1. For the range 114-136, what are the residues that are without any contact (Cβ under 8 Å) to a residue 24 or more places away in the chain and either closer than 21 Å to Ala13 by Cα or surrounded by 15 or more Cβ atoms within 10 Å (Cβ to Cβ) (or both)?
2. What number goes with the only condition from (1) within 20 Å of Cys117 (Cβ to Cβ); (2) open to solvent by 20 Å² or more (accessible area, probe 1.4 Å) that Ala54 does not pass?
3. Quick one: Gly63 ticks every box in (1) over 22 Å from Arg152 (Cβ atoms); (2) modelled with pLDDT of 95 or more except a single one, so which number is it?
4. I'm checking my understanding of the structure. Among residues of the range 14-32 that are touching a Leu at 6+ places or on another chain (Cβ under 9 Å) and open to solvent by less than 40 Å² (accessible area, probe 1.4 Å), which one is farthest from Ala61 (Cα to Cα)?
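The values are calculated or read from the model by the stated rules, or taken from the named source; none is laboratory data. Bear in mind that the values here come from a model prediction, so they are computed numbers and not experimental data. Cβ coordinates were reconstructed from backbone atoms using ideal geometry, including for glycine residues, and neighbour counts include every protein chain displayed. The area values use the complete protein model at the heavy-atom level, side chains included, leaving out ligands, DNA and RNA. Shrake-Rupley method; radii C 1.70, N 1.55, O 1.52, S 1.80 Å.
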Amino acid sequence: MSGALLVALLAVAAPLFAHGSETWFELVPCELCLWQRWPYWAAAALALAAHFVARRRLLWAAGAACLVSAAIAGFHVGVEFRWWPSPLPGCAAPTAGGAMTVEQMMASLAAAPTKPCDEPVWLIPGVPLSMAALNLIYGLSLAGLALVIAERSRRR
């Protein structure tokens, strides 16, 4: 298996696992969780293209896409630790606000329940790493792997 194909498969594995964890472990994603998945799809497409056209720059771009997901995950970890608030409106827990009537409060609720971004989701009991922290580690590792493979392909 080529290195680019390996990167593509590992990039696809991340959002598929995240989606599967919603079903298997009944985890509820927040908006930042969902944002972290999109760069992996881009990384997979870029790595797959790199496999077929043998362009090292495409593999570098795939690594950069993984870094984007890791950066979003790092920001999400900061939100979970309450180092800073999330700028996304869907990440905040609903509040009653000022002097609102019951009808106004009901109308302001989202159609589907959302999870606040500052509530960490723990995948492994007893391990103090949230899904966002695990994605930060995975994204950095996959980006590093993509960049190492790209460099090794340059030397050949």
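1. In the first step, residues of the range 114-136 are kept if they are without any contact (Cβ under 8 Å) to a residue 24 or more places away in the chain; the result is 122, 124-129, 134.
Trp122, Ile124, Leu129, Leu134 - these are the residues of the range 114-136 that are without any contact (Cβ under 8 Å) to a residue 24 or more places away in the chain and either closer than 21 Å to Ala13 by Cα or surrounded by 15 or more Cβ atoms within 10 Å (Cβ to Cβ) (or both).
2. (1)
3. Among (1) over 22 Å from Arg152 (Cβ atoms); (2) modelled with pLDDT of 95 or more, the lone unmet condition for Gly63 is (1).
4. The selected residue is Leu27.
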